[in-house]
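A short worksheet on the structure shown next.
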Amino acid sequence: MKRRKFLKNSSLSTAGIFSSALLTSCETDKKLKPVTEIIKPIVIATWDVPNATDKAWQVLSNTGTALDAVEQGVMIEEADINNQSVGKGGRPDRDGNVTLDACIMDKDSNCGAVVYLQNIVHPISVARKVMEDTPHVMLAGKGAELFAYEKGFEKENLLTEKSRAEWLEWKKTSKYQPVINIENHDTIGMLAIDANGDIAGACTTSGMAYKIGGRVGDSPIIGAGLFVDNEVGGATATGVGEEVVRTVGSFLIVELMRQGKTPQEACEEGVKRIISKNGEKPDFQIGFIAINKKGETGGYCIQPGFSYRVYSEKGHINKTAGSYISS
Ligand code: ASP
């Protein structure tokens, strides 16, 4: 009941956004370029994270920016202790430390990132502070943590009983073996378009479970785990970060869209590039999602089992991504 009401409200307020966006661009564009397309807000995220995309959609429906939408959207997963691959409750490294990586990118290609951050629930918000309050793009480890305290973030123990117990179990054999689709969701990458037609993205993770202390993957690396170009679109990744870094996956996908590929075609080409470096049957998982300026979306992965959430005025759906290797 509550949900139906929300959907109804969302579509009503979205209708408001559409007409005001149309009006604004007609009124303010002094060159009077013909308005050919109505701007339609949309948000997409890796994995089946309806609470996160719901939150982002609420922000967009209230005329919020894409940047606020993606930050607030992924914060839902960072705070959710049942999501053991992001934020609080994330699986630790092999020494039992939960270390977080995140990055954010806005419509003007401003970006911020934190890597190897400990004791802070919302690395995405620290990344945004790096972007907005410093002349830098990335802060690491202790420096990032001290910066977070300076900005008013609270110190918090991120290792939950559940993740600690699983880590202790893992320590009995200490077999470092990343598992394909380790659970039903992994790194959360989110891309949104707001009522102005502007695109922003966010990506946040606790990284590979039981990694070597200090290891950083693709997720906080602009161009690898996330990339946005407001003229073209955005892309984000989940899966074995080392492989995404090697092909600068998200940047590649945005560039492929610039050359005319649809988001779906670009994600498929991004996966094929990884395949071309690893042989036909890699035993790891990578998933990409992408969005273009028109609000078209795509997703593709190596192994079956990856899905992504899409929330637009057409509804809120979980889409199963096609995979290079069939089940
Ligand atoms: N991409 C993340 C990393 O390599 C992990 C994941 O998405 O599973 O740290």
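Read-outs: derived from the displayed coordinates by stated rules, not from any lab. What you see is a predicted model, and the numbers here were worked out from it, not measured in a lab. With ideal geometry, Cβ positions are generated from the backbone for all residues, glycine too; neighbour counts draw on all protein chains shown.
Figure the gain on full extension for SER109 and ASN51 (residue separation times 0.36 nm, minus the Cα-Cα span) and round it to one decimal in nm.
Values: separation 58, 0.36 × 58 = 20.88 nm, distance 2.70 nm.
Contour length minus the Cα-Cα distance gives 18.2 nm.
About the Cα centre, and with charges only on the beta carbon of Lys, Arg (+1) and Asp, Glu (-1), how big is the dipole of the chain? Nearest 20 debye, please. List each step's numbers first, then the result.
Working: 38 positive and 41 negative charges, 113 e Å.
Result for the chain is approximately 540 debye, rounded to the nearest 20.
Just to be sure I understand: with springs between alpha-carbon atoms less than 10 Å apart, which residue in PRO41, PRO135, PRO220 has the highest mean-square fluctuation in the Gaussian network model of the chain?
Ranking PRO41, PRO135, PRO220 by mean-square fluctuation puts PRO135 first.
Indicate the gyration tensor shape class of the stretch 211-271 (rounded, prolate or oblate), computed on the Cα atoms with a ≥ b ≥ c the square roots of the eigenvalues: a/c under 1.5 is rounded; otherwise a/b larger than b/c is prolate and the rest oblate.
Working: a/c = 3.23, a/b = 2.05, b/c = 1.58.
Prolate shape, in that a/c is at least 1.5 and a/b is the bigger ratio.
Looking only at LEU168, LEU67, LEU158, which one moves most when the chain is put into a Gaussian network model with springs between Cα atoms under 10 Å?
It is LEU168.
Could you work out the local net charge near ARG258, counting Lys and Arg as +1, Asp and Glu as -1, over the other residues with Cβ closer than 15 Å to its Cβ? Can you show the working numbers first?
Working: positive: LYS261, LYS293, LYS294; negative: ASP229, GLU231, GLU255, GLU265, GLU269, GLU296.
Combined, the nearby Lys, Arg, Asp and Glu give -3.
My understanding is that a pair violates if its Cα-Cα distance is over 24 Å; which of LYS211/LYS261; LYS88/LYS211; LYS107/LYS261; LYS88/LYS151; LYS40/LYS151 do that in this structure?
On the way: LYS211/LYS261 35 Å; LYS88/LYS211 17 Å; LYS107/LYS261 21 Å; LYS88/LYS151 19 Å; LYS40/LYS151 34 Å.
Result: LYS211/LYS261; LYS40/LYS151 exceed 24 Å.
Could you work out the pair-distance distribution P(r) of the stretch 88-140 from its alpha-carbon pairs, with 5 angstrom bin width and percents rounded to whole numbers?
5, 23, 28, 19, 12, 8, 4, 1
With a 10 Å cut-off between alpha carbons and a GNM built on the chain, which of SER109, SER163, SER206 moves the most?
SER109
Would you mind checking which residues have amide H under 5 Å from ALA200's amide H? H placed 1.01 Å from N; only 5 or more apart, or other chain.
Excluding prolines and chain starts, which carry no amide H, the hits are ALA192.
So what are the three principal axis dimensions of the chain from its Cα atoms, in whole Å, longest to shortest?
The Cα atoms of the chain stretch 66, 48, 46 Å along their principal axes.
Pairs of Cα atoms under 8 Å, at least six residues apart: use those to get the relative contact order of the chain, whole percent.
Numbers: 832 pairs, mean separation 65.2, N = 327.
Worked out over the chain, it gives 20 percent.
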